[in-house]
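For reference, the structure discussed in these notes is given below.
The values are calculated or read from the model by the stated rules, or taken from the named source; none is laboratory data. Quantities reported herein were computed from a predicted structural model and do not represent experimental measurements. Positions of Cβ are generated from backbone atoms using ideal geometry, with glycine treated the same way; all protein chains shown enter the neighbour counts.
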Amino acid sequence: MAKRERTWDAVIVGGGIMGLGAAFELARERARVLVLERSVPGAEASSAAAGILGAQVEAHQDGPTFELALRSRARYAAWARALHEASGIDIELRPSGVVRVAFDAADARKTAREHGFQRRHGCRLESLDHDALRELLPSVTLEAKAGLHFPDDARVDPPKLLGALRIAAERSGASFESGALVKRIVSKGHRVEGVLLDNGSLVRGRNVVVAAGSWSSLVEGVPLPEGGVIPARGQIVELLLPVPLFQQVVFGPKCYLVPRDDGRVLIGSTLEFVGYRREVTASAVRNLLDAAIHLVPKLGDATLGRSWSNFRPYTKDTLPLIGCAGAEGLLLATGHYRNGILLAPVTAEIIAALVFGRAPPLEIGAFSPLRTRVKPQKH
Ligand SMILES: Cc1cc2nc3c(=O)[nH]c(=O)nc-3n(C[C@H](O)[C@H](O)[C@H](O)COP(=O)(O)OP(=O)(O)OC[C@H]3O[C@@H](n4cnc5c(N)ncnc54)[C@H](O)[C@@H]3O)c2cc1C
């Protein structure tokens, strides 16, 4: 039967980490899955990310997002093993820890206070004075006064992760169509029927998972308000060193640094609301370089590598949109903003549970797409 005449168990719109993660989980459970990607899988934010699994460093308050993040971080080791087995690719999951560096004592106290709630969840975090910080991170500037260490936060290499997911999903039975632009969701009564491509063909699915990142609310028939998901641009500059200077992810006041095993260091990132403009700007590169060299002076000797930008899928309340979206069988997996790489395993687990009619692995009410309540669009 031709790909498009059959009815898929799940049609996934978008081949970023959310689409590929869901495809991998579903295909592993023998669902018949088709990923429709307007470009090629991994074309956008997911491959551009720094790869910080910052469940703790990114959490400034208790609540459902923190629980979601902890569960997802905990699933990464099993994901990395399964992906390695299925694809042969090492996604460079490194339990490197994250260090947040403070330049004055008041800032250090504030950061420690903000993250203090995490101890109630049994999470490890350690306050570092100047000497302890220098011992852990000898290359940090002498101007640094103190630090907060999150030993269980980690990092991965997103391009490798995306490549591994693509291969693993396909080897588990998922199908892919690149160059397939989904124009709208097609529903009949209260049930989803599939999607319509811009070339006019209908792709039928019992479930449709919208995982179109920053473009999710542009797909017609997705019941999100205008601006329900918008692009938040981030720019990154890459430096090259012959030998790695440090292993940990380092957060400073004006940038973060993410090392790779081969000596590269990513400097991130800006946060800009400039629509879908893809430029890398001179001022962003200057500011990121200044901040990075201030934090770790030896980076001044590094060779300048590539620079790029892409779009974090941002929602107004900064919570992701995961779950049913009105019509039966219509699911959203989007709006993960700064933490989509971190949150991919748990999101995929939730989507698989919903497709197979199981209870999600944790309470997902806070992430309901219906919280942004707008009238469904008529088509
Ligand atoms: C600079 C930067 C640094 C980041 N660093 C981190 C980090 O360190 N840690 C972390 O956890 N997160 C990080 N993020 C956030 C993370 O990258 C995102 O949250 C995540 O990648 C979103 O994944 P996604 O699959 O939803 O979107 P995307 O990766 O953007 O994928 C969406 C896909 O949908 C496709 N698509 C869109 N519309 C259609 C359509 N109509 N039909 C068919 N296909 C369509 C697109 O082509 C795209 O391939 C960073 C983001 C940026 C920009």
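Here are the numbers for this structure:
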{"quantity": "Conditions (1) without any contact (Cβ under 8 Å) to a residue 24 or more places away in the chain; (2) in contact with a Pro (Cβ under 6 Å, 6 or more places away or on another chain); number of the one not met by residue 77", "calculated": "(2)"}
{"quantity": "Condition check for residue 31: part of a loop (DSSP other than H, G, I, E, B), closer than 30 Å to residue 261 by Cβ and assigned by TED's automatic domain parsing to the domain that holds residue 216", "calculated": "no"}
{"quantity": "Members of the stretch 320-345 that are within 18 Å of residue 49 (Cα to Cα) and not in a strand (DSSP E or B)", "calculated": "320, 335, 336, 337, 338, 339, 340, 341, 342, 343, 344, 345"}
{"quantity": "Criterion: in a loop (DSSP other than H, G, I, E, B), over 14 Å from the mean Cα position of the chain (by Cα) and within 16 Å of the ligand (Cβ to nearest atom) - qualifying residue of 10, 43, 59", "calculated": "59"}
{"quantity": "Complete set of residues in the stretch 141-187 that are in a loop (DSSP other than H, G, I, E, B), surrounded by fewer than 22 Cβ atoms within 10 Å (Cβ to Cβ) and away from the ligand (no atom under 14 Å from the Cβ)", "calculated": "141, 142, 143, 145, 151, 152, 172, 173"}
{"quantity": "Of residues in the stretch 244-295 being within 12 Å of the ligand (Cβ to nearest atom) and of a type in the set (Ser, Thr, Tyr), the one nearest to residue 143 (Cα to Cα)", "calculated": "256"}
{"quantity": "In the stretch 5-43, the residues that are of a type in the set (Asp, Glu) and surrounded by 24 or more Cβ atoms within 10 Å (Cβ to Cβ)", "calculated": "25, 37"}
{"quantity": "Check on residue 288, touching a Leu at 6+ places or on another chain (Cβ under 8 Å) and either surrounded by fewer than 23 Cβ atoms within 10 Å (Cβ to Cβ) or of a type outside the set (Gly, Ala, Ser) (or both)", "calculated": "no"}
{"quantity": "Subset of the stretch 73-95 [buried (at least 21 other Cβ atoms within 10 Å of the Cβ) and not in a helix (DSSP H, G or I)]", "calculated": "91, 93"}
{"quantity": "Test: residue in the stretch 124-134 that is away from the ligand (no atom under 13 Å from the Cβ), of a type outside the set (A, V, I, L, M, F, W, C) and in contact (Cβ under 8 Å) with a residue 40 or more places away in the chain", "calculated": "no"}
{"quantity": "Residue under evaluation residue 106, criteria (1) within 26 Å of residue 60 (Cβ to Cβ); (2) free of Cβ contacts under 8 Å to residues at least 12 places away in the same chain; (3) under 26 Å from the mean Cα position of the chain (by Cα), criterion not met", "calculated": "(3)"}
{"quantity": "Residues of the stretch 216-244 classified as over 21 Å from residue 322 (Cβ atoms), buried (at least 21 other Cβ atoms within 10 Å of the Cβ) and not β-branched (Val, Ile, Thr), total", "calculated": "4"}
{"quantity": "Residue in the stretch 62-71 that is surrounded by 15 or more Cβ atoms within 10 Å (Cβ to Cβ), within 16 Å of the ligand (Cβ to nearest atom), in a strand (DSSP E or B) and not acidic (Asp, Glu) present", "calculated": "no"}
{"quantity": "Meets criteria (farther than 24 Å from residue 255 by Cβ, within 13 Å of the chain's Cα centre (by Cα) and near the ligand (Cβ under 6 Å from one of its atoms)) for residue 19", "calculated": "yes"}
{"quantity": "Long-range neighbours under 9 Å by Cβ, at least six apart or interchain, first residue more than 21 Å from residue 81 (Cβ to Cβ) and touching a residue at least 40 places away in the same chain (Cβ under 8 Å) within the stretch 342-355, second assigned to a helix (DSSP H, G or I) and among the aliphatic types (A, V, I, L, M)", "calculated": "355/22; 355/26"}
{"quantity": "Hits in the stretch 242-283 - residues which are in a loop (DSSP other than H, G, I, E, B) and either under 20 Å from residue 144 (Cβ atoms) or basic (Lys, Arg) (or both)", "calculated": "244, 245, 246, 247, 248, 252, 253, 254, 255, 260, 277, 278"}
{"quantity": "Top-ranked residue in the stretch 188-225 [being free of Cβ contacts under 8 Å to residues at least 24 places away in the same chain and assigned to a loop (DSSP other than H, G, I, E, B); ranked as farthest from the ligand (Cβ to nearest atom)]", "calculated": "189"}
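A quick yes/no check of all residues on (1) within 18 Å of residue 89 (Cα to Cα); (2) touching a strand residue (DSSP E or B) at 6+ places or on another chain (Cβ under 7 Å); (3) of a type in the set (S, T, N, Q):
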position	(1), (2), (3)
155	yes, yes, no
163	yes, no, no
172	yes, no, yes
186	no, yes, no
196	no, yes, no
